[in-house]
Amino acid sequence: MSDHILEMHSITKTFPGVKALQDVTLNVERGEIHAICGENGAGKSTLMKVLSGVYPAGTYDGDIVFDGEKVEFGSINDSEDKGIVIIHQELALVPFLSVAENIFLGNERSARGLIDWNKANSDAAALLARVGLDELPVTPVGQLGVGKQQLVEIAKALSKRVKLLILDEPTAALNDSDSEHLLGLLRQLQEQGITSIMISHKLGEIASIADSTTIIRDGRTIETLDMRGGGVTQERIIKGMVGRELDQRYPDHVANVGDEVLRVEDWTVHHPTQPGRVVVDGASLNVRAGEIVGIAGLMGAGRTELAMSLFGRSYGRDISGKVFLRGKEIRTRTVSEAIGHGIAYATEDRKKYGLNLIEDIRRNVSAASLDKLSQGGWVNGNEEVKVAEDYRREMNIKAPTVMALAGKLSGGNQQKVVLSKWIHTDPDVLILDEPTRGIDVGAKYEIYTIINRLADEGKAVIVISSELPELLGICDRIYTLSAGRITGVLPSSEATQESLMELMTKERDHVR
Ligand SMILES: Nc1ncnc2c1ncn2[C@@H]1O[C@H](COP(=O)(O)OP(=O)(O)OP(=O)(O)O)[C@@H](O)[C@H]1O
Ligand SMILES: [Mg+2]
């Protein structure tokens, strides 16, 4: 007989104009790692918010049975009291507080009303050891990379005596080794009797770690697959998610490459606050019309710093080097100068740089190209709506209308709005930084198709991605970056993951 730690029966949740969940059932066995898969906007995050009391009892229909008892949570504190802890898609740590302060925030270690910092720090150290994090409890969280912040979140969960840990896309922003570490930790916690639910778009990960997988499509439960024994393939999961076989992950594309559009020579960028530190070191590269060029590099190699510094010096100081557009040297000292020269940069961090969450889809799409939509200082409102509607359809952005607030969209759909915004500037050079992070497999294919179309229109496209198969699948040429230096460039037809990896980890071969 199976022992369910959690049963969610017939959960239905509506938002104005959106039926996010309809009659969803989820059964999780005690001690297992249970994955939840589904397309962007399928309802995964919403289901977990219902479970954890973010959406309190009374705002949804259906029943939740946890640990043999029917529960009705009025808030997230209620669910935590029972041992359910959720780590959200967007991390919620406070950057300027220390690791220990973050761990015990709202759950302070106090003695007679005073916070006992010695106890807090020593308890924190013990928790950090449990998650394999080698940092001092007094380190400000903002100084840690995303991978480590993720571990602090888990340490925080452990401090609350978690029985059921929910992770919403925990590895979306992590590199391979941080992801490995995190998955290893989940397995360890499993041995200690902690049950986990993990949402992820990385199907390889799910295949390797999950005991079972529930698939949600359009707000309904499709099926729960037993992953033990390894009989379930990624293709099988995809079929459940999209409702049909997806025979190819990358669209076919024959590049029609023209003249050089962008050339960068000897580009050097220093760290914004540590003047002696070189982040990009004498990088030279070029991109031709119709060409899709990849940039591969490990975390910290300087990929984003290279892109952002080219985009109107929005990163770094003491920048030197030259940028040529169609053979003519250009100045790109500010973002608006860069946009004026037809350069666009779609950022990896959609919440920080890419989107205005309290504006609607329409305003976000038009934000970088208002000059094109206005006449005599007035924005043509009808045209603005029409343009946004076109992108909503083309990109398959899941929202009732373009008047929906960007902040209410699912993570993957926010990413599609960011892409629409930059594509609409009709740039000559489009730099895409992790364009498919958090995007489901089906929508990835749509985005690759759009990237191909932009190249076919004669644009020069640069794609930065941590997923080497993605670079190999869509790029014509791939540059490798290691410690701020370009260490090689290979036509994709000749490159392999191994050859790229070798160049990505190459030490500097000469002293400048
Ligand atoms: N607060 C809200 N107000 C209105 N609609 C919402 C709200 N939160 C979510 N939705 C809508 O509910 C649906 C499900 O969203 P949810 O965030 O659960 O998707 P998801 O499966 O987590 O997708 P992703 O993989 O992109 O993160 C989407 O159509 C979304 O726009
Ligand atoms: Mg989500």
Beyond 18 Å, how much of the Cα-Cα pair distribution for segment 382-445 remains, as a whole percent?
35 percent
Semi-axes of the equivalent ellipsoid for segment 1-137, Cα gyration tensor, largest first, Å:
33, 17, 16
Cross-link reach from K70 to aspartates and glutamates, straight Cα distance under 20 Å and at least 8 residues apart if same chain, gives D3, E7, D23, E29, D61, D78, E80, D81
Taking only the Cα atoms of segment 156-203, how large is their convex hull per residue, in Å³?
80 Å³
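Per the Cauchy relation, a quarter of the hull surface: what is the mean projected area of the convex hull of the alpha carbons in segment 149-229, in nm²?
Taking a quarter of the hull surface, the average projection is 6.0 nm².
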Counting only other residues whose beta carbon sits under 9 Å from that of L373, what net charge do I get with K and R as +1, D and E as -1?
-2
Given the Cα atoms of segment 244-384, and with Rh set as the inverse mean 1/r over their pairs in the Kirkwood sense, what is Rg to Rh to two decimals?
1.02
To make sure I understand the rule: partners must be aspartates and glutamates, Cα under 13 Å from the Cα of K82, and not fewer than 8 residues away in the same chain. Which ones qualify?
D67, E69, E72
Any idea what Rg and Dmax come out to for the chain if you just take the C-alpha atoms, in Å?
23.8, 74
Could you work out how far the C-alpha centroid of segment 37-66 sits from that of segment 176-200, in angstrom?
22 Å
Between D63 and K386, what is the label-point separation in nm under the 7 Å Cα-to-beta-carbon projection?
5.4 nm
Checking rank on 477-486, 299-308, with mean other Cβ inside 10 Å and highest first, the result is 477-486, 299-308
Percent of Cα-Cα distances greater than 21 Å, calculated over segment 432-512:
34 percent
List the lysines whose Cα sits under 23 Å from the Cα of K148, skipping any in the same chain fewer than 8 residues away.
K119, K156, K160, K163, K202, K351, K352
Positive end of the charge dipole of the chain (Lys, Arg +1 and Asp, Glu -1 on Cβ, about the Cα centre): tell me which of I478, A125, G316 has its Cα farthest that way.
G316
Out of all Cα-Cα pairs in segment 182-314, roughly what percent, to the nearest whole number, are more than 24 Å apart?
58 percent
Is it possible to state the helix-based mean residue ellipticity at 222 nm for the chain, with each DSSP H run of 4+ residues giving -39500 (n - 2.57), the sum divided by total residues, to the nearest 500 deg cm²/dmol? What is it?
-9000 deg cm²/dmol
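Where a number appears in this text, it was derived from the coordinates with a stated rule and is not lab data. What you see is a predicted model, and the numbers here were worked out from it, not measured in a lab. Positions of Cβ are backbone-derived with ideal geometry, glycine not excepted, and every protein chain shown enters the neighbour counts.
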